[in-house]
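Student: The structure's right below; bear with me while I get my questions together.
The values are calculated or read from the model by the stated rules, or taken from the named source; none is laboratory data. These numbers come from a predicted model, not from an experiment. When we count neighbours, we look across all protein chains shown, and the Cβ atoms used for this are built from the backbone with ideal geometry, even at glycine.
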Amino acid sequence: MDGKNMRALVDAGLSSVFMSIDAHDISKHEPNRGLKDVCQKIKRANAFFANASIQSTASIIASRIIEDYDKLPPFLESLGFKSCTFSCPLTHLESSYLSFSDSSTDDSHTAQKSLSSHR
């Protein structure tokens, strides 16, 4: 995304953005995304959005690729984020509503299990 595209989004009424962050450092995030120099682009986008008073939030899925959760805050700050949100991957869902299900019996990706494995 370039400055022209971002300006067009702001002019069209954009009020906030969420960007997916996969890891706690560049050497893991960029190969996982398959996007060379994407972290530099995220920094530029966050600087642009901050200047335009647009809220930018890092969206993080708790996963094994994040080996050290203590390193996330400084990494996110280095990318220009001031807020983040966490979610857990769902591996089984019997509902068409994908945000919640208490019917899953597969706990292989529960938040507690993911977070406790990194402490």
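Student: In region 1-31, what count of residues is obtained for those that are more than 13 Å from the chain's Cα centre (by Cα), acidic (Asp, Glu) and farther than 11 Å from Ala52 by Cβ?
Tutor: The number of residues fulfilling the criteria is 1.
Student: Just the residues that are without any contact (Cβ under 8 Å) to a residue 24 or more places away in the chain and surrounded by 12 or more Cβ atoms within 10 Å (Cβ to Cβ), please, taken from region 78-91. I'd like the intermediate steps shown before the answer.
Tutor: Within region 78-91, the first condition is being without any contact (Cβ under 8 Å) to a residue 24 or more places away in the chain, and the residues that meet it are 90-91.
Leu90, the sole residue that qualifies.
Student: Turning to a different aspect of this structure: When region 56-74 is examined, which residues are found to be more than 13 Å from His29 (Cβ to Cβ), surrounded by 19 or more Cβ atoms within 10 Å (Cβ to Cβ) and at pLDDT below 95?
Tutor: Result: Ala62, single match.
Student: Checking Ala52 against (1) in contact (Cβ under 8 Å) with a residue 24 or more places away in the chain; (2) loosely packed, with under 13 Cβ neighbours inside 10 Å, only one condition comes out false. Which one?
Tutor: For Ala52, the failing item is (2).
Student: Could you list, in sequence order, all residues of region 1-37 that are among the basic types (Lys, Arg) and not in a loop (DSSP other than H, G, I, E, B)?
Tutor: Step one: list which residues in region 1-37 are among the basic types (Lys, Arg), which gives 4, 7, 28, 33, 36.
Matches in region 1-37: Lys4, Arg7, Lys28, Arg33.
Student: Moving on to the next point. Check Gln40 against each of (1) among the polar types (S, T, N, Q); (2) in a helix (DSSP H, G or I); (3) modelled with pLDDT under 90 and name the one condition it does not meet.
Tutor: With respect to (1) among the polar types (S, T, N, Q); (2) in a helix (DSSP H, G or I); (3) modelled with pLDDT under 90, Gln40 is out only on (3).
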